[in-house]
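Before any comments, here is the structure.
The values are calculated or read from the model by the stated rules, or taken from the named source; none is laboratory data. Fair warning: this is a prediction, and the values are worked out from it, not measured in the lab. Every residue, glycine among them, receives a Cβ derived from its backbone with ideal geometry; neighbour counts consider all protein chains shown. Just the protein is used for accessible areas: all its heavy atoms, side chains included, with ligands, DNA and RNA removed. Shrake-Rupley method; radii C 1.70, N 1.55, O 1.52, S 1.80 Å.
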Amino acid sequence: MAKKEINVGMVGAAFMGKAHSVGYRDVAFAFPDVKAVPVMKEIAAITLEEAETARSVFGWERASEGYEKVVNADDIHLIDICTGNNTHKEIAIAAAKAGKHVFCEKPMAMNVAECKEMIAAVEEAGVIHMIDFNYRAVPAVALAKKMIEEGAIGTPYHFRAVYLQDWIMDPKFPLVWRLKKELAGSGAHGDLNAHIIDLARFLCGEFDSVCGLMKTFIKQRPELAATTGGLGAEAADTMGEVTVDDATLFLAKFKNGAIGTFEATRFAGGNRNGNRFEINGSEGSIRWNLERLNELEWFNRKDDPDRQGWKKILVTDPPHPYIKGWWPAGHIIGWQHTFVHQVYNLMNGIATNENPTPNFYDGLKCQAVLEAVEKSAETESWVKVEE
């Protein structure tokens with residue numbers, strides 16, 4: 001029996017548009033057991049020229065300008081939102097009202113209130129929804145989840161995580177959209193802390209309260225040249241104000257009694273994409289580093305004292321999560337494969353009419369932590385995490 005085809009319409013044709021396109025392109029190749037097959041039907045961007053370029057490079061069937069056309073197209077079943085944070089709510093609600101399933105980039109929206117509007121829209125429409133916290137789909141992270149649930153580290157005591165980058169350390173780097181509060185919501189906090197907050201919820205538990213600080217090191221930058229963007233952005237002659245954080249750090253108390261530390265910065269020289277966590281529990285510890293994403297380290301306190309030490313697990317064997325879709329043991333995979341794994345979960349969710357995780361409810365819970373940290377930084381006090 002032929003599998004159901006899911007016609008995908010993507011809004012956004014830059015960095016994340018490319019990454020998501022890999023997921024749709026490769027999912028059936030990697031996972032023949034996927035329950036529905038995506039069809040890369042239409043990609044939309046701010047200009048038709050940009051969309052046409054992405055269509056030809058990424059492999060989409062057709063291109064369009066703006067988001068209204070693709071959202072309202074009769075032959076589209078799923079809308080994938082890869083745009084700036086300030087447009088997520090508008091596009092997601094429009095897609096839900098049009099009866100489309102929704103896959104949205106993180107952070108879910110600009111604030112908790114917008115997240116709730118998005119949830120109300122998808123619930124009323126009865127459509128499937130998913131958020132792209134792709135690090136849950138790293139095989140080593142999924143294995144860590146399995147091991148923790150099986151008691152490999154016992155009762156969790158500490159969750160500590162950092163997400164360190166250095167791409168805007170040059171004061172001459174221009175004022176891209178990620179450095180403007182009205183477009184991004186926040187800086188390193190929403191972009192990077194959102195990921196490690198979600199990993200903390202996934203691996204350790206729900207947040208109770210937080211205490212944080214936020215810092216902007218370079219308060220003015222050259223304006224962005226009109227035709228450029230991204231990491232290769234070009235500067236104009238005029239200067240503009242940076243209105244988001246360059247770095248945000250916070251402490252956390254979890255509802256299960258664990259405590260946590262979190263640090264996100266774009267000013268950690270030498271760290272290109274340093275997403276790392278360590279969890280310490282009553283019976284052992286687990287740690288992981290995105291820049292060595294095929295490896296998971298585990299310390300087991302139950303080992304004989306003369307044999308104790310960190311064990312490195314190379315997560316490339318077919319019994320490991322998601323690895324069945326790829327290569328023989330020892331043949332490592334990369335960052336882009338996480339999007340294939342996400343799409344695999346999404347297609348199966350659509351086929352069975354069951355929301356995959358992470359979904360909009362996870363996006364809301366992450367946003368609640370983000371907002372609580374911002375409030376804490378403003379008031380210089382501990383703040384309860386409330387949705």
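Charges at C-beta only: +1 for Lys and Arg, -1 for Asp and Glu. How large is the resulting dipole of the range 31-142 about its Cα centre, in Debye rounded to 20? Mind showing how you got there, number by number?
On the way: 11 positive and 18 negative charges, 68 e Å.
Rounded to the nearest 20 debye, it is 320 debye.
Taking 0.36 nm per intervening residue step and subtracting the Cα-Cα distance, what contour gain separates Thr87 from Lys69 on full extension?
On the way: separation 18, 0.36 × 18 = 6.48 nm, distance 1.56 nm.
Value of the extension gain: 4.9 nm.
In whole Hz, what ³J(HN,Hα) sequence does the range 167-178 give by Karplus (6.51, -1.76, 1.60; θ = phi - 60°), x for Gly and Pro?
7, 10, 5, 5, x, 8, 5, x, 7, 6, 4, 5
To check my understanding: the extent here is largest minus smallest coordinate of the Cα atoms along each principal axis. What are those three numbers for the chain, in Å, largest first?
Cα extents, longest axis first: 64, 59, 39 Å.
List every residue whose amide H lies under 5 Å from the amide H of Arg266, counting only residues 5 or more places away in sequence or on a different chain, with H placed 1.01 Å from N in the peptide plane.
It is Gln165, by chain and number.
Report, by chain and number, residues whose modeled amide H sits under 5 Å from the one on Arg301, excluding near sequence neighbours (fewer than 5 apart, same chain).
Gly284, Ser285
Calculate, in nm to one decimal, what Ala329 and Glu291 gain on full extension: separation in residues at 0.36 nm each, minus their alpha carbon distance. Write down the numbers at each step before the final one.
Working: separation 38, 0.36 × 38 = 13.68 nm, distance 1.94 nm.
Stretched out fully, the Ala329 to Glu291 stretch lengthens by 11.7 nm.
Be a star and scan the range 183-201 for residues whose amide nitrogen sits under 19 Å from the point 7 Å along the Cα-to-Cβ vector of Phe15.
So the set is 183-199.
Using a 7 Å offset from Cα along Cα-Cβ at Thr352, what residues in the range 1-36 end up with backbone N under 18 Å from the label point?
It comes to 3-6, 28, 31-36, nothing else.
In the range 266-304, whose amide N lies under 18 Å from the spot 7 Å out along Cα-to-Cβ of His158? List them in ranges.
Of the residues in the range 266-304, 276-289, 297-302 have backbone N under 18 Å from the label point off His158.
Which residues' amide hydrogens lie under 5 Å from the amide hydrogen of Asp80, considering only partners 5 or more residues apart or on another chain, with H built in the peptide plane?
Distant-sequence amide H within range of Asp80: Gly9, Met10, Val11, Phe103.
What number, rounded to the nearest 500 deg cm²/dmol, is the helix-based mean residue ellipticity at 222 nm of the chain, given -39500 (n - 2.57) per DSSP H run of at least four residues and division by all its residues?
For the chain, the value works out to -9000 deg cm²/dmol.
Suppose the chain between Leu314 and Glu123 were pulled fully straight at 0.36 nm per residue; how much longer would it get relative to their current alpha carbon spacing? All intermediate terms of the calculation are to be shown ahead of the outcome.
Details: separation 191, 0.36 × 191 = 68.76 nm, distance 4.03 nm.
That pair, Leu314 and Glu123, stretches by 64.7 nm at full extension.
Suppose each label sits 7 Å from its Cα in the direction of the beta carbon; what would the Leu251-Leu183 distance come out to in nanometres?
3.6 nm
Return the carbon/sulfur percentage of the accessible area of the range 277-387, one whole number, probe 1.4 Å, all protein chains in place.
Working: 2490 of 5420 Å².
Here it works out to 46 percent.
Return the subset of Lys106/Lys375; Lys18/Lys97; Lys116/Lys375; Lys255/Lys311; Lys146/Lys375; Lys255/Lys375 for which the Cα-Cα distance in this structure is over 22 Å, preserving the input order. Present the calculation step by step, with values, prior to reporting the outcome.
Values: Lys106/Lys375 20 Å; Lys18/Lys97 26 Å; Lys116/Lys375 19 Å; Lys255/Lys311 29 Å; Lys146/Lys375 34 Å; Lys255/Lys375 19 Å.
Checking Cα-Cα distances, Lys18/Lys97; Lys255/Lys311; Lys146/Lys375 exceed 22 Å.
Whole-Hz Karplus ³J(HN,Hα) for the range 41-54, in order, using 6.51 cos²θ - 1.76 cosθ + 1.60 and θ = phi - 60°, x for Gly and Pro?
7, 8, 10, 10, 8, 4, 10, 5, 4, 4, 5, 5, 4, 5
Report the calculated FRET efficiency for Asp166 and Glu206 (r = Cβ-Cβ distance, R0 = 35 Å), to the nearest 0.05.
On the way: r = 32 Å, r/R0 = 0.90.
The pair Asp166/Glu206 has a calculated efficiency of 0.65.
Could you give me the radius of gyration and the Dmax of the range 276-364, taking only the C-alpha atoms into account and expressing both in angstrom?
Just the Cα atoms of the range 276-364 yield Rg and Dmax of 16.4, 51 Å.
Can you give me the C-alpha center-to-center distance between the range 322-368 and the range 113-169, rounded to a whole angstrom?
Measuring centre to centre over Cα atoms gives 11 Å.
Can you work out the Karplus-derived ³J(HN,Hα) for every residue in the range 200-213? Use 6.51 cos²θ - 1.76 cosθ + 1.60 with θ = phi - 60°, whole Hz, and x for glycine or proline.
Couplings: 5, 5, 5, 9, 10, x, 7, 7, 9, 7, 9, 9, x, 9 Hz.
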